[in-house]
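What follows is a short report on a single structure.
The values are calculated or read from the model by the stated rules, or taken from the named source; none is laboratory data. For clarity, every value in this text was computed on a predicted model and none was experimentally measured. Here the Cβ is made from the backbone with ideal geometry for all residues, glycine too, and neighbour counts use every protein chain on show. Note: areas computed on protein heavy atoms with side chains; ligands, DNA, RNA excluded. Shrake-Rupley method; radii C 1.70, N 1.55, O 1.52, S 1.80 Å.
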Amino acid sequence: MTMSKTAFLLGLSSLLRLTLLSPFLRSYSPWMMKSFIDGGAPFFRHPAYSIDNLREQRFISRFFDDDQPSSFSSSYRFFANDAYGLPPLVSALFHPVLSLGGDEDDGDGEWWMCFVFGVLSSLVDAAISKCLFDICRRALDDDNDESIEEERMTNDTILFPPYSRTFGLSSTAKNGGDDDDAIISLPDLPTTISLCYYCNPLVIASSSAYLSFQNVSFLLFLLPLRSAGRGDGVPATLFWVACGVYWDAYLGVTLTIPVVLLLARRRRVGLRRLIPGAAIFFIVWICSLFGLSRQLVGDDVSISYYYKQHEIYQPSLSTLWYFSLQQFDRFRTYFRTLMFVLPYTFVLPLTIRFHRYPIELAVMFILLHYIYNPIQTLAHLSFALTVILFSPRTMSRMVMMSFVALLCLPVPVTLCVLFYWQWIETGAGNPNYLFFQCLGANLFVAGVFVDYVDA
């Protein structure tokens with residue numbers, strides 16, 4: 001892909017993002033379009049990682065005296081009783097942006113706040129694209145044991161089973177010229193993966209139209225991998241790991257394991273020598289973050305309040321919200337605990353089997369996180385499918401099942417968004433109208449995950 005085409009796509013995507021933030025489009029859109037946008041919100045933004053959640057917290061803080069040192073602590077304690085609570089440092093980080101709206105919800109102040117928030121969210125997407133580019137380029141430059149083993153194999157059916165090579169990726173050397181049918185060569189893959197995320201219409205709509213900051217979770221997942229992949233020091237890498245765990249508790253295991261394996265591979269040291277030092281730095285960083293949070297909100301606020309967002313079960317592409325809705329109230333705590341713990345049961349088997357491939361292991365954990373996430377968004381789905389491009393050899397061995405699943409995936413996703421807007425948002429239907437659409441979408445993603453692991 002030439003530089004001119006890349007620059008054109010980046011400029012067009014950036015212009016579209018700014019257009020979606022314009023006050024004219026937000027104020028004078030046709031009624032039907034505004035109604036559809038509001039109805040599609042559960043599928044484009046996580047309710048905890050949205051500007052509406054931050055705006056509500058800002059509104060509650062107005063009832064407390066800002067001159068008192070404990071004003072933020074009091075408002076956070078009051079707000080954290082809701083299931084939309086976020087870690088204290090995260091809430092404090094967005095307060096300067098929310099203050100642009102002013103104490104009165106005037107139109108100009110509200111638009112200026114949304115515009116700045118949307119620009120910052122787009123900058124996060126740009127940083128994610130840069131991380132995707134760097135990680136993919138580093139992964140292609142890595143002369144791992146897989147290429148050596150493939151050269152020793154003489155049976156082509158072992159490397160490429162029947163009905164594989166359906167994605168048009170060059171699986172040979174860096175020149176990418178050995179595969180005549182390849183659509184994307186390896187040198188172009190880093191640019192392709194970054195454009196697939198930044199120019200994705202679903203990602204653009206989530207960041208600019210729905211003002212979601214869920215993309216920060218994706219960035220905090222990629223930063224440790226990027227730091228470990230380029231050979232940064234253990235303290236710097238574990239700092240990003242601690243930030244990711246502070247943001248999302250799920251990353252405590254699924255992010256730490258691939259990063260430690262990648263550090264050991266880059267630094268050419270054994271795990272027995274690396275793990276004690278990495279554990280010390282991680283404990284220091286995570287304790288520092290929790291210590292700052294304690295200073296900000298007080299010692300009487302439990303750490304469980306920091307992760308209230310994991311208790312949200314609302315309509316989305318996931319099927320867990322539907323199953324939770326069908327439970328008796330006394331069984332819901334058990335069900336949610338079981339669903340939160342279930343993804344971790346796959347961590348140990350996958351780590352034992354793929355410990356030599358940390359990047360591929362990280363991709364598996366990302367897909368696993370999406371499948372078992374109680375709130376699935378289209379931005380999360382786009383990110384999970386994009387990172388599969390980290391492994392061109394694996395993709396070239398994936399069979400027709402993944403190709404068919406990716407072609408069929410837009411059908412249940414589109415029906416799910418449309419049916420929610422038509423039946424649930426208007427109150428004319430019930431959750432049963434969405435179950436099979438959500439089930440079909442998750443089955444197709446699960447099929448891609450199984451095929452990726454098998455390849």
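Contact map, region 344-373: first residue within 22 Å of Arg265 (Cβ to Cβ), second residue polar (S, T, N, Q) and part of a helix (DSSP H, G or I), Cβ cut-off under 7 Å, separation 6 or more or different chains; pairs are Val347/Thr254; Glu360/Thr394; Leu361/Thr351; Phe365/Thr254.
The single condition among (1) modelled with pLDDT of 60 or more; (2) part of a loop (DSSP other than H, G, I, E, B) that Pro190 does not satisfy is (2).
For region 17-36, residues that are modelled with pLDDT of 70 or more and open to solvent by less than 80 Å² (accessible area, probe 1.4 Å) total 5.
Check whether at least one residue in region 300-308 is at pLDDT below 85 and within 19 Å of Leu219 (Cα to Cα), and report yes or no. Scanning region 300-308 turns up at least one residue that is at pLDDT below 85 and within 19 Å of Leu219 (Cα to Cα).
Restricting the first member to region 409-421 and to residues that are in contact (Cβ under 8 Å) with a residue 60 or more places away in the chain and assigned to a helix (DSSP H, G or I), and the second to residues that are open to solvent by 70 Å² or more (accessible area, probe 1.4 Å) and of a type in the set (Asp, Glu), the beta-carbon pairs closer than 9 Å and six or more apart or on different chains are Trp421/Asp38.
Could you check how many residues of region 188-199 are open to solvent by 30 Å² or more (accessible area, probe 1.4 Å) and either without any contact (Cβ under 8 Å) to a residue 24 or more places away in the chain or under 12 Å from Leu16 (Cα atoms) (or both)? Break it down into steps so the answer makes sense when it comes.
Quick first cut of region 188-199, residues open to solvent by 30 Å² or more (accessible area, probe 1.4 Å) only: 188, 191, 196, 199.
Keeping just the survivors that are either without any contact (Cβ under 8 Å) to a residue 24 or more places away in the chain or under 12 Å from Leu16 (Cα atoms) (or both) gives 199.
Qualifying residue count, region 188-199: 1.
I'm trying to understand the selection: among the residues of region 394-404, which are part of a helix (DSSP H, G or I) and either surrounded by fewer than 21 Cβ atoms within 10 Å (Cβ to Cβ) or in contact with a Pro (Cβ under 9 Å, 6 or more places away or on another chain) (or both)? Scanning region 394-404 gives Arg397, Met400, Met401, Phe403, Val404. In region 223-256, the qualifying residues are those that are among the β-branched types (Val, Ile, Thr) and open to solvent by less than 30 Å² (accessible area, probe 1.4 Å), and the one that is farthest from Pro88 (Cα to Cα) is Val234. Scanning region 266-288 for residues that are of a type in the set (Lys, Arg) and open to solvent by 90 Å² or more (accessible area, probe 1.4 Å), which turns out nearest to the chain's Cα centre (by Cα)? Residue satisfying both the conditions and the ranking: Arg267.
Mind telling me which of the residues Leu350, Leu389, Leu406, Leu338 ends up being at pLDDT below 85 and more than 13 Å from the chain's Cα centre (by Cα)?
Unique residue meeting the criteria: Leu338.
Only one entry of Val387, Val411 meets the criterion of being closer than 22 Å to Arg45 by Cα, open to solvent by 40 Å² or more (accessible area, probe 1.4 Å) and among the β-branched types (Val, Ile, Thr), and that entry is Val411. Which of the residues belonging to region 422-443 are open to solvent by 60 Å² or more (accessible area, probe 1.4 Å), in a helix (DSSP H, G or I) and either of a type in the set (Gly, Ala, Ser) or farther than 23 Å from Ile37 by Cβ (or both)? The answer is Asn432, Phe436, Leu443.
Got at least one residue in region 136-152 being of a type outside the set (Ser, Thr, Tyr), at pLDDT 55 or above and closer than 26 Å to Ser212 by Cα? Yes: region 136-152 contains one or more residues that are of a type outside the set (Ser, Thr, Tyr), at pLDDT 55 or above and closer than 26 Å to Ser212 by Cα.
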